[in-house]
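Peer 1: One structure is given below, represented as structure tokens, and several questions about it will come after.
The values are calculated or read from the model by the stated rules, or taken from the named source; none is laboratory data. The model shown is predicted, which means the values in this text are computed figures rather than measured ones. When we count neighbours, we look across all protein chains shown, and the Cβ atoms used for this are built from the backbone with ideal geometry, even at glycine.
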Amino acid sequence: MQENPSIIAVIDDDESMCYALSRLLHLAGYAVKSYFSAESFLDDPDHARTRFLVADIQLRGMSGFDLQRRLRQELPGLPVAFITAHDEAATQARDSGCVACFRKPFPASGLLEVIRSALARTSQTSNPTPAPTAGNHPLSAADSAP
């Protein structure tokens, strides 16, 4: 297990939804931290380790949109998926720059795929794969079977 794993943060003021999403992501093998407000997320010193954020749009206090705007300064490039029970918020989310917006209820498989894809993209940009050469190309002579 990694000493300092990347975290997926889940923020929803509906405790049952927050718990269900956290459990789903944990069972899928992710390190997860859940919060009932944007403010509690920001107050957590570990929030800077977040590598993907799942947030309800209409939270008590700071909204998901307001949190996303703030995090663009603090954690640029952080992928955000919004969840909402409101059609008008889902329409606004499309213009927010989020990687996805899910209207409640939504299929777990869709969220898991969005997270997997986003984490793969951020991993590639932070740890670029070297260009293939004779020594590191997947089909190089050194790696082929005799």
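Every residue, every condition in (1) under 20 Å from Ala118 (Cβ atoms); (2) in contact with a helix residue (DSSP H, G or I) (Cβ under 8 Å, 6 or more places away or on another chain); (3) among the aliphatic types (A, V, I, L, M), yes or no:
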position: Ala9; (1), (2), (3): yes, yes, yes
position: Leu27; (1), (2), (3): yes, no, yes
position: Tyr35; (1), (2), (3): yes, yes, no
position: His47; (1), (2), (3): yes, yes, no
position: Ile57; (1), (2), (3): yes, yes, yes
position: Gly64; (1), (2), (3): yes, yes, no
position: Val80; (1), (2), (3): yes, yes, yes
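Peer 1: Of all residues in the stretch 73-91, how many are of a type in the set (Ser, Thr, Tyr) and touching a Gly at 6+ places or on another chain (Cβ under 9 Å)?
Peer 2: Of the residues in the stretch 73-91, the ones of a type in the set (Ser, Thr, Tyr) are 84, 91.
From what's left, touching a Gly at 6+ places or on another chain (Cβ under 9 Å): 84.
Total satisfying the criteria: 1.
Peer 1: Any chance you could count how many residues in the stretch 47-74 are within 17 Å of Ala31 (Cβ to Cβ), at pLDDT 95 or above and of a type in the set (D, E, K, R)?
Peer 2: Result for the stretch 47-74: 1.
Peer 1: Can you pull out every residue in the stretch 90-115 that is in a helix (DSSP H, G or I), modelled with pLDDT of 90 or more and either surrounded by 13 or more Cβ atoms within 10 Å (Cβ to Cβ) or touching a helix residue (DSSP H, G or I) at 6+ places or on another chain (Cβ under 9 Å) (or both)? Explain how you work it out, then say what you get.
Peer 2: In the first step, residues of the stretch 90-115 are kept if they are in a helix (DSSP H, G or I); the result is 90-93, 108-115.
Now restrict to residues that are modelled with pLDDT of 90 or more: 108-115.
Within the stretch 90-115, Ala108, Leu111, Leu112, Val114, Ile115 meet the criteria.
Peer 1: Looking at the stretch 64-75, can you tell me whether even one residue there is within 19 Å of Thr122 (Cβ to Cβ) and among the small types (Gly, Ala, Ser)?
Peer 2: No, the conditions are met nowhere in the stretch 64-75.
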